[in-house]
Structures are given as structure tokens and as C-alpha cells.
Number of protein chains: 2
Amino acid sequence: MSNQRVTIRSVADAAGVSMSTVSNVLSGRHEQMAVETRERVLAAIEQLNFQPNHVARSLATKRTATIGLIMGDVTNSLYPPVTVGAEEACRQAGYGLLLATAEDSASERRSVELMQAKRVDALVLFAISYFDVESNHLSAAQSAGMPVVAINRFLPEDTPLSAVWFDHQAGGELATRHLADLGHRRIAHIAGPANRMTGIQRRQGYEAALTAAGIRIHPSLIAEGDYSFASGERAMLTLWQERPTAVFVAGDVMALGAMRALARLGVRVPDEISLVAFGNPDCVRYATPAITTIDLPVATAGRVAVELALRRMQRPEEKEVRLLETSLLVRETTAPPAA
Amino acid sequence: MSNQRVTIRSVADAAGVSMSTVSNVLSGRHEQMAVETRERVLAAIEQLNFQPNHVARSLATKRTATIGLIMGDVTNSLYPPVTVGAEEACRQAGYGLLLATAEDSASERRSVELMQAKRVDALVLFAISYFDVESNHLSAAQSAGMPVVAINRFLPEDTPLSAVWFDHQAGGELATRHLADLGHRRIAHIAGPANRMTGIQRRQGYEAALTAAGIRIHPSLIAEGDYSFASGERAMLTLWQERPTAVFVAGDVMALGAMRALARLGVRVPDEISLVAFGNPDCVRYATPAITTIDLPVATAGRVAVELALRRMQRPEEKEVRLLETSLLVRETTAPPAA
DNA sequence: ATACGCTACTAAAACGTTTTAGTAGCGAAC
DNA sequence: GTTCGCTACTAAAACGTTTTAGTAGCGTAT
């Protein structure tokens, strides 16, 4: 209250040097500086308990040491780990993380504008991946000098944005092959929405693995959901009429829905049917029985996205695209088919 | 690239007015301004696509229109909704949300320093609520003029911080009374850690409700967990030997652990035992059967915390403490005891 | 003796706003 | 015809840094 704000000027006065000198020791530019001077400054800083003002610094340097993160669909199970991964990477790099959300294209646009006004150094999005989503405002931001990296968003080939993408297709293959390897032949699939790249690719993986195993693709063994619990439950109820011995569910909460349907039907897992889920492994880990799943490395995605953003600040022309591998976590819902 | 940065000065020049005038229209201070002038400025802004620079503004006004959120224990199921609630409140108020995490006291301190350096206008913490956690750095920040509001953190009576707290005790009572009302007498409790206020209060609620229902408190019907899945599983395994007909589990993932234990034991829920959980309702909603739970209004907590912070910026002397009510969500794991 | 180069600093501009303290112009009052 | 007050603006300082373009002082080479 009573005491004046302590600025670089107070420190300079206290140490009997110029502001530039203080600034230099703060920035570690002390190649040509008398040790004695440096120590005097350090002592003054310590004694006055000087805290540099980042906003003044940002104004002068035109960099804020802050990265913006825009999250679409916050109810998604993948959302928390992405945030955590991004925050971690930011912290390690000495950056701050400014968070915003977006439910739709319009609010995404508003969030991007907020980020631009706040002058974040780069932007990462984990967002809406529908086909029709438009990314021109992002490209604009990118070419205006703000690196943008999109996580799990479907983008045209010629986009200027860096990107992190999961190998959904390989994941779908992995899941399905695991079931085939156990000896299953009637393998059903609860697919994601057909208007989402994630849904499409996971399904392609499923079909590829079946073909590779010499199993014919039965349309009647495929049902489409929308990643919701209810849709998983509904789809499973329908599919059970076809008596599959295994099912690959293309989403984690859909898988929980399917489990509920099976419980309702009195079908024992994995005795009568095997089930593999897909998504955030923590989401289905605590179900009983613990659900075998394809692990989407989603915290990694957050971390990698920030790293790409950071790197792009150095070399804005070098667009990078990173494909993240999935892996199979075998738990308790998969077993060989009953004889 | 080619075009110069467009600042308030460019706008002023284009409109043939002074920078002050532009600033005035930006801030909506046009009481005494010729309509014609105002329109000219607006037109120039539009035409040049001028975006005000928030960091320059922050430097001048000493306010950043940003709130800092420090999250402890990001694996906690309560963490995502708090963030979402806080972000929502910030967005509505035209504020940004700067996110940081803290695993322990030391990293919390570092995060607070980061926030101070970045000059956030206020700080909200959802954090470590152990008894021994020290809050002096927070009090210091508060008295240095940065409002601090703590969510679900145990604080001394005379703290200067605003706070949001859940009524854990009432929640514990609610859960236990629900079971007693159904006719249960042998009601077990899987408690939270005895060194956490949350654990203690939930247990007090349990004991109060038993007493109110004229049921004696049996220490052998109480087991202590640490909010982890494994501890819930372990505790349930032990408690089952006492043959309770119901159990109140003081945490959501502990409850999932208890469900697993019961499944392992072949005990049917709710036929042979009723179970009530406590925490984020979404966490246990998709278990099968869907778990009856005490709903902690955790998104609300994030929202309210931001509101308190905002209000405290106006009247720094007025500390507020808000107690949030819990409610009972009856789902499928509770029923009258078997005859 | 002057010039030169080097070391260890410093003065002041710049970053893009807001805000304070005006002021020019003009009609009305005395 | 001054003075006054009002309207509609403006000039410039301030915010707290970084950075550019020096410069003072001193030893050395010519």
C-alpha cells in the first residue's frame, strides 16, 4: 500500500547503475560486465524484492511468453489430459497457458480473436473435427505471424497449420486384429459418426484388419453411434441380435454404454463377448471388468502440440505434422471366443 | 508482413483526429463527442481492421483482464469441471483465464509467482487441502492487492482469502440418511484420509446421520481410504467381512474400486448391498449399475470462485466465504435391504 | 600527440495504450 | 468588448520494460 511500486528504475538507483544495466543482468547478458557491478545489482534486486513486470516486458519485446489453448467440446474425455499435457510443456518452457473454449465455429472465432488481442505467441487448438468446419481464420492467424497448431482436427492437405493427429486407422486395426488373433470371426463394430474423420478412420482400420484376417465385412455387424453413452447402449442392443462374439467400440464412453447394454441383456463379458474400446484409457479403466482399450496418447498430444508451436515460432515457414501412435492396453474384457 | 502494424495512431491519422479521441471511442466514452467524429473513427477502425493491443492497454491501466487459476492434483475427477466453470465465468465477464498447476506447496508457490509476474488481476486456487498446507504466500498476494479465492481448501478462520467450500458434512449426512431411510441399519463407511478436511467432514456427516437415526456407530464398519481406486477396493474387501447391508463411500473413484471389490466377491448391487458415492456425478454415472451419489456442484464452484474474485477487485476489504450445497442423485445402486 | 580499439557502461527512444491537464472556438452574459 | 462557461476536442506524460546507438575512460600502437 504505502510503498511505491518497485521497478527496474528503483533497482538501478539503489545499485547506482543505469536501467539498461539492470535489464542486462536480468536477461543474463553479462558477458561484458564487471562482476562487482552484477553483484551490486543482484543485491539490490534481492533487497528491494524486485519482481519484473511481464506486461511491460511483453510490450517492449512483442512477445508474451504465453500460449493460447482453445478447447472444443469440454465434455470430451480427451479434454483434461490434453490440457494437462499442454500446461506441462508450457511450464517447462517458461510459458504461460491461456485457456479458452469453443462449442462451435462462431465461438471458436471469438476465442481466436481474444487470443490475438491478448497477443499470445502461439495458439493450439483441440477442437471440432467435423468435416464442414472452416479453418480460414486459423490460416489467417498463422500467416499473420501467430503459429497455430491443431490437435486431432481434419485439415486440408495444403493448410499452413502445423498439426498433431492420432493414427486412428492403425488403432482400429490394432483393436480388431487383437480380437481376430484371439480367434474371433464375428467381430462387430460400433462406429463413430460418419461425418467425423475420427469415426471414418477407426472404421477403416476395422475393415482393413478384417480383410487382412480373411474375414468378410458384414454391414449388419456395424452400427453407427455418436460417441455418446446412449448411442453405445443402443447400438449394442441392436448388434447383439446378430450374435457377434466380439465388438470393437470406437469410443470410450460409447464402450461404457455398450457394457451397460450387455449387462442389461445378461451377457457376460468377456465370457460370451469380448469388447475393445478406444480413447482415453483412464476413462474405461475403472469399469468392472476393466475394459481393454486402444490408448490414445492424449496428454502427449497436448505436450507435442505446444512443442510444435514453440518450434514454429523460431522457423515460421517450417510446417510440421505429427502422427501419434496408438497402443493396445489389454485388460479384462477380451478373451478367446467360447468353444 | 509488408504492412506496418496498425495502431491507435494509424486510426487517428486516418480519421483525422487525435489518439485520445480514438481511445475514447474505443472505451465507449462518447458522451461529449460529435456523432460525426465518432463515426469517422469507427469507419477508420473498420477499414484498417484495427485490433487494440491488450498488452499495451494492460500496461497503461495496470489491469490485465485475466484471472489466474491454479489447479492442484490434476488427476482428481473434480478438476475438469472446475476449470470449465471458471472459464465460462471468465468469458462472460470478458476476462481471460491463465492456467497453472501445482503438485505440492513448492510448485504452488512457483505458480503464484508466475501469476504475479504476469500481473493477473486475481487468483483462484483449487488445490491441496491437507491440513499442513501453508497459505502465507496467498495471504501475502491478497494483501498486495491481488484478490485470492480458494476452492475447497482448508483455511484458518482469520484468513484474508475469500473461499468457496462444499458442505461435505451435509453431503455425508444426506448420503447416510438416504440409506437409513431405505431401512438399512448396518451402514458401513469408506472414509477419506483423516488428514484431509474433506475426509473428516464427510465422516462427521455419516456419524451425525447415524446418530440421528438412532443407529450406533461401529468402528468396525468404518475403513479409511485415500481416495484412490485401489484403496476403495481394499477397504470394501475388508468391510464385507462385517456384512453391512449398505456402504457410503466418501469418494467417486474409491466407489468404483468398491464396486469392483463387490463384483469380485460376487455380491450383487443393490440386491445384497446398497452403495452411495460422493463427488463428481459424471465420474460414476456410466458405471453399471449407475451409482447413486452425492453431487458436488463443482462446475458451480469454479464459476462462483471467479465471481467472488471479480467482486473482490471492486471491494478488496470485503472477504466472502461461500458454502455450496450438495445434493443426492438417486441412481441404481441403492435399494431397501433384502428381507 | 594523435588515433585506435576495447571494456563497461549509459541515455533515450521505442513498444501501444490510457489518462491528465489542458485549449480552441464559440455563444451568452454583463 | 471582455469575461465566462461550455463543447469537443488534443498534447503529452505515464505505464515499466528492452534495445539501439552511443560514450567515457583507458591502454596501446604509430
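What follows is calculated from the coordinates using simple rules that are stated; it is not laboratory data. These numbers were taken from a predicted model, which means no experiment stands behind them. No Cβ is skipped: glycine too gets one built from the backbone with ideal geometry, and neighbour counts run over all protein chains shown.
Based on DSSP H runs of at least 4 residues, each adding -39500 (n - 2.57), what is the mean residue ellipticity at 222 nm of chain A after dividing by all its residues, to the nearest 500 deg cm²/dmol?
Numbers: 13 runs with 152 residues, N = 339.
Taking each H run of at least 4 residues, the total per residue is -14000 deg cm²/dmol.
What's the local net charge at A:L179, with K and R +1, D and E -1, over the other residues with C-beta under 13 Å away? Mind showing how you got there, number by number?
Details: positive: A:R177, A:R185, A:R186; negative: A:E173, A:D181.
For residues surrounding A:L179, the net value is +1.
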Regarding chain B, what whole-number volume in Å³ per residue does the convex hull of its Cα atoms give?
-> 177
Counting other beta carbons within 10 Å of each Cβ, put A:L78, A:L179, A:L308 in order, fewest first.
-> A:L78, A:L308, A:L179
Simple SL model, points at 7 angstrom along Cα→Cβ for A:D13 and A:R185; separation in nm is 9.0
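Taking the beta-carbon count within 10 Å as an exposure proxy, list B:I215, A:I151 from fewest neighbours to most.
Working: B:I215 18, A:I151 28.
Least to most surrounded, the residues fall as B:I215, A:I151.
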Report, to the nearest 10°, how far helix A:35-48 tilts away from the longest principal axis of the Cα atoms in chain A, using its own Cα long axis and a range of 0 to 90°.
-> 70
The exposure ranking of A:T37, B:T288, fewest beta-carbon neighbours within 10 Å first, is A:T37, B:T288
Every other copy gets compared here: list the nm distances from the B:Q51 label point (7 Å along Cα to Cβ) to its counterparts, shortest first, one decimal.
-> 2.9
With a 10 Å radius around each residue's Cβ, average the other Cβ atoms per peptide and rank A:15-25, B:269-279, highest first.
-> B:269-279, A:15-25
What FRET efficiency do you get for A:T211 and B:N49 if R0 is 56 Å and r is their Cβ-Cβ distance, rounded to the nearest 0.05?
-> 0.60
Per-residue mean of other chain beta-carbon atoms within 10 angstrom of the beta-carbon, peptide A:94-102?
-> 5
Measuring label to label, 7 Å along Cα→Cβ, what does B:R109 give against each other copy in nm, shortest first?
-> 4.8
Per the Debye formula with a single identical scatterer at each Cα and no solvent contribution, what log10 I(q)/I(0) holds for region A:23-82 at q = 0.12, 0.22 Å⁻¹?
-> -0.54, -0.95
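Averaging sequence separations of C-alpha pairs under 8 Å and six or more residues apart, then dividing by the length of region B:192-339, give the relative contact order as a whole percent. Intermediate values should be presented prior to the final figure.
Values: 222 pairs, mean separation 28.7, N = 148.
Taking the mean separation of contacting Cα pairs over the length of region B:192-339, I get 19 percent.
I need to check one value: relative contact order of chain B, counting alpha carbon pairs closer than 8 Å and at least 6 residues apart, in percent. Walk me through the intermediate numbers first.
Numbers: 671 pairs, mean separation 58.1, N = 339.
About 17 percent, as a whole number.
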Expected unfolding gain across B:E320-B:S228 under the 0.36 nm per residue rule, minus the alpha-carbon gap, is 29.9 nm
For A:H30, place a label point 7 Å out from Cα along the Cα→Cβ vector, do the same in each other copy, and report the separations in nm, one decimal, smallest first.
-> 5.3
Paramagnetic reach from B:R311 in region B:165-182 [backbone N under 15 Å; point 7 Å along Cα→Cβ] | B:165
Between B:S107 and A:V35, the two model label points (7 Å from Cα along the beta-carbon direction) sit apart by a distance in nm of 3.7
What angle, in degrees between 0 and 90 and rounded to the nearest 10, separates the Cα long axis of helix B:197-212 from the longest principal axis of the Cα atoms of chain B?
-> 50
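Just checking the output field for A:45-56: average partner chain Cβ neighbours within 10 Å of each residue's Cβ? Kindly include the intermediate steps, with their values, before the conclusion.
Numbers: counts 0, 0, 0, 0, 0, 0, 5, 1, 7, 8, 14, 5.
Other-chain Cβ atoms within 10 Å of each residue's Cβ, averaged: 3.
Nothing charged except the Cβ atoms of Lys and Arg (+1) and of Asp and Glu (-1): what's the magnitude of the dipole of region B:251-310 about its Cα centre? Round to the nearest 20 debye. Kindly include the intermediate steps, with their values, before the conclusion.
Numbers: 5 positive and 6 negative charges, 39 e Å.
The dipole of region B:251-310 has a size of about 180 debye.
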Signed unit charges on C-beta, dipole axis of region B:148-298, positive-most listed residue B:F166, B:G279, B:Y227 = B:Y227
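Inside 10 Å of the C-beta atoms of B:72-85, what's the mean count of C-beta atoms belonging to other chains? Could you put the intermediate results ahead of the total?
Values: counts 0, 0, 7, 4, 1, 2, 0, 3, 9, 3, 0, 7, 7, 0.
Mean inter-chain Cβ contacts per residue within 10 Å come to 3.
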Descending packing, highest mean Cβ count within 10 Å first, for A:81-89, B:217-225 is A:81-89, B:217-225
Using alpha-carbon coordinates, inclination of helix B:298-314 to the longest axis of chain B, degrees = 40
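Rounded, prolate or oblate: which one fits the protein assembly as shown, using the alpha carbon gyration tensor with axes a ≥ b ≥ c (rounded when a/c is under 1.5, else prolate when a/b beats b/c, else oblate)?
Values: a/c = 2.21, a/b = 1.40, b/c = 1.57.
Oblate shape, in that a/c is at least 1.5 and b/c is the bigger or equal ratio.
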Which far-off residues, 5 or more places away or on another chain, put their amide H under 5 Å from the one on B:A127, with H placed in the peptide plane?
-> B:G72, B:I151
Tell me, how many Å apart are the Cα centres for region A:18-44 and for region B:66-91?
-> 39
In whole Hz, what ³J(HN,Hα) sequence does region B:251-261 give by Karplus (6.51, -1.76, 1.60; θ = phi - 60°), x for Gly and Pro?
-> x, 7, 6, 4, 5, 4, x, 5, 4, 4, 4
When the charge dipole of region B:1-135 is computed with +1 at the Cβ of Lys and Arg and -1 at the Cβ of Asp and Glu, the Cα pointing farthest to the positive end, of B:Q51, B:I70, B:A86, is that of B:Q51
Percent relative contact order for region B:276-316, counting Cα pairs under 8 Å at least six residues apart, stands at 35
Which aspartates and glutamates does B:K319 reach when only Cα atoms under 13 Å apart count, and residues fewer than 8 places away in its own chain are ignored?
-> B:E157, B:D158, B:E307
Peptides B:104-117, B:293-306 ordered by average Cβ neighbours within 10 Å, highest first = B:293-306, B:104-117
